[in-house]
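Written out below as structure tokens is the structure these notes cover.
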Amino acid sequence: MKTTALFAILTSIAFADHAAPGISPDAALAKLMAGNARYAKGNVAHPHQSEDRRAEVAKGQKPFAIVVGCSDSRTSPELVFDQGLGDVFVTRLAGSIVDDAALGSIEYGVEHLGASVIVVLGHERCGAVDAAMKGGKLPGKIGAVVKPILPAVKAVQKSATPTLDAAIDENARRTAAGLADRSEILEGHVKAGKLKIVAARYDLDSGRVTLVK
Ligand SMILES: [Zn+2]
């Protein structure tokens, strides 16, 4: 193989796997929140959903954000943040939990694709958090969903506001705070100022996402 051909192949692999320098963590978060503001007002732009965009991202992706969402059918990140193809890298498990496979997916989205913000998105009336609050035996593998939510629920149940809303916020907060603790890759990007991790809450009624402090 000629050197030039080899170089072309290596370059295309590099471009497919490694993002170009992306936007800053603050700009990425602002972009998501601006999209949610459009969505909540019913003023959606539906960006990046054209045939041209499909063709562009077929060559490679460089999502600017990662959303760690709930499987709940009412909380689709691309919809609630008014984004399109190639914009948002998503993991979704009930209760917005992050198991090891989800954590590996998130690491890939940061390390190889260049996403600069992670939003752990809890939501109003989350059935998984509600199940964790109610306790009791659950059929099949549903217990595996509830188990990682229990520490947040227990903390809230001992607090002055032992409500489902408080548990939803606490679960998102703890999940977000735990990501860098669980992952050296994520911790390194945070320390380098290349990554921001935040918790947020989606209101099913208003469509608004608010950051959970
Ligand atoms: Zn949920």
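The values are calculated or read from the model by the stated rules, or taken from the named source; none is laboratory data. Because the structure is predicted, anything quoted here is derived from the model rather than measured. All Cβ positions, even for glycine, are placed from backbone atoms using ideal geometry, and neighbour counts span all protein chains on display. Ligands, DNA and RNA are stripped out before the accessible areas are found, and what is left, the full protein with its side chains, is counted by its heavy atoms. Shrake-Rupley method; radii C 1.70, N 1.55, O 1.52, S 1.80 Å.
What to note about this one:
- Only one entry in 137, 147, 191 is open to solvent by 50 Å² or more (accessible area, probe 1.4 Å), away from the ligand (no atom under 16 Å from the Cβ) and modelled with pLDDT of 95 or more, namely 191.
- The test for being of a type outside the set (Asp, Glu) and open to solvent by less than 40 Å² (accessible area, probe 1.4 Å) holds for residue 116.
- Taken residue by residue, region 37-46 has no member that is crowded, with 17+ Cβ neighbours inside 10 Å, in a loop (DSSP other than H, G, I, E, B) and either of a type outside the set (S, T, N, Q) or on the phi > 0 side of the Ramachandran plot (or both).
- Among the residues of region 38-67, those that are of a type outside the set (Phe, Trp, Tyr), closer than 16 Å to residue 210 by Cβ and either touching a residue at least 40 places away in the same chain (Cβ under 8 Å) or within 16 Å of the ligand (Cβ to nearest atom) (or both) comprise 38, 40, 67.
- Within region 83-94, one or more residues are small (Gly, Ala, Ser) and more than 16 Å from the ligand (Cβ to nearest atom).
- Residue within region 112-123 that is in a helix (DSSP H, G or I), more than 13 Å from the ligand (Cβ to nearest atom) and under 18 Å from residue 182 (Cα atoms) present: no
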